[in-house]
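The values are calculated or read from the model by the stated rules, or taken from the named source; none is laboratory data. Treat the numbers as computed from the prediction; the structure is a model and nothing was measured. Neighbour counts run over all protein chains shown; Cβ positions are idealised from the backbone, glycine included. Side chains included, ligands, DNA and RNA excluded: accessible areas come from the protein's heavy atoms. Shrake-Rupley method; radii C 1.70, N 1.55, O 1.52, S 1.80 Å.
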Amino acid sequence: MTVLFCNIAWMNHYAGRTKKDPPLGGGGFPVSEGYCGEECNFVPCEDGFVYGHFETIKGKIDRKVRIERLGAGRSEEYVDGLDVVWTAPKRGHDPRTVVGWWRNARLYRNRQQFGDDFPSDQHERDDITSFRVRAHRDDVYLLEPNDRRHDLGRGAGWSGQASWWYAHDTSNRDAARFVTVIKAMIAGNPVPPITTHERNRRAGRKKRAGAAAGNAYERYIKGYEITVHPRHDKLQKKFAAHVMANHPSATFPTCGLDDLRYIAGGNPAVMVEVKPTDPASLRYAIRAAIGQLLDYRQREGWTGPQLIVVEDKVDRADDLSLAFDNGFGLAWPKGKGFEIVWPDGTTGC
């Protein structure tokens with residue numbers, strides 16, 4: 001599903017204007033005025049919907065949202081079936097972090113006015129007169145303040161000065177991996193925090209049962225997914241060299257967000273996701289690669305084979321079936337080359 005990130009002011013509850021829960025950060029207006037349009041973004045309304053605001057006014061211009069970048073036609077006024085991820089500066093200060101999300105939302109090209117028909121008493125009390133996006137009240141989720149630990153990066157390819165970010169088409173690899181992790185979280189899969197400021201708050205404490213597995217996954221994400229690890233490029237180059245050694249006429253078409261594509265031996269093009277690993281992180285790497293490749297498959301309408309390249313031999317039956325049962329091939333170094341195994345049991349490029 002397509003995703004849009006929207007940056008708003010920080011609030012604990014987004015349940016209306018109170019002295020105990022003022023908007024923090026989010027631009028000059030809430031800072032100077034003490035209120036903002038998003039303060040009711042998680043208020044369930046009488047009609048069963050929740051109505052959301054993110055700022056689109058710059059100077060004297062209320063900018064349109066280019067919903068055609070999200071699948072709408074140029075003449076359409078809204079797009080349905082969108083995932084909206086709400087972000088805010090942590091308690092009013094950088095970095096921005098994920099505060100909640102809406103699923104299956106409707107996003108409008110232009111600002112919508114409530115007129116005299118406010119959707120809730122709270123909207124009327126706070127004089128919230130307009131909205132940009134709506135979703136059913138059962139499709140919204142607000143993280144508790146202490147659980148808001150998925151921080152956005154900065155720079156080209158990340159969310160910029162505008163309050164909305166078309167994150168699905170970023171060309172920044174780190175940002176794309178971040179989006180994949182957040183989409184997995186929205187889908188209900190547990191993911192570790194992604195923070196730009198780390199602190200060990202549990203030092204010296206006894207760990208709960210299962211903490212070792214969780215910590216291993218967190219180390220894998222931080223070590224290999226949030227930034228491109230140097231071993232990634234080395235592994236990718238080594239695999240490409242293996243393909244060329246076995247098929248000198250092989251070609252490598254331009255990629256999207258995937259790591260590598262190749263055409264060899266008259267076979268269909270293969271999409272490759274490369275994952276540096278160690279034995280402890282092998283299953284996490286396969287799982288992460290599957291999520292990314294499924295995303296690329298849906299986004300591009302890809303129908304060809306997809307291959308996961310790791311650094312360690314995959315010999316556990318449950319790890320092999322995790323890939324094969326879902327239609328993905330596996331490859332790992334063997335001798336001076338690679339062993340490549342496909343779901344149907346065939347081997348080679």
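Brief remarks on what is shown
- Mean accessible surface per residue for the stretch 1-115, computed with a 1.4 Å probe while every protein chain stays in place, in Å²: 47 Å²
- Under 19 Å from a label point set 7 Å out along the Cα-to-Cβ vector of ARG173, the amide N atoms of the stretch 252-275 belong to 252-263, 270-275.
- Förster radius 45 Å - calculated FRET efficiency between LYS238 and ALA162, Cβ distance, rounded to 0.05: 0.65
- Accessible area per residue was computed with a 1.4 Å probe on protein heavy atoms; ILE186 scores about 10 Å².
- Virtual paramagnetic centre 7 Å along Cα→Cβ of SER130, amide N under 18 Å, in the stretch 70-90: 77-79
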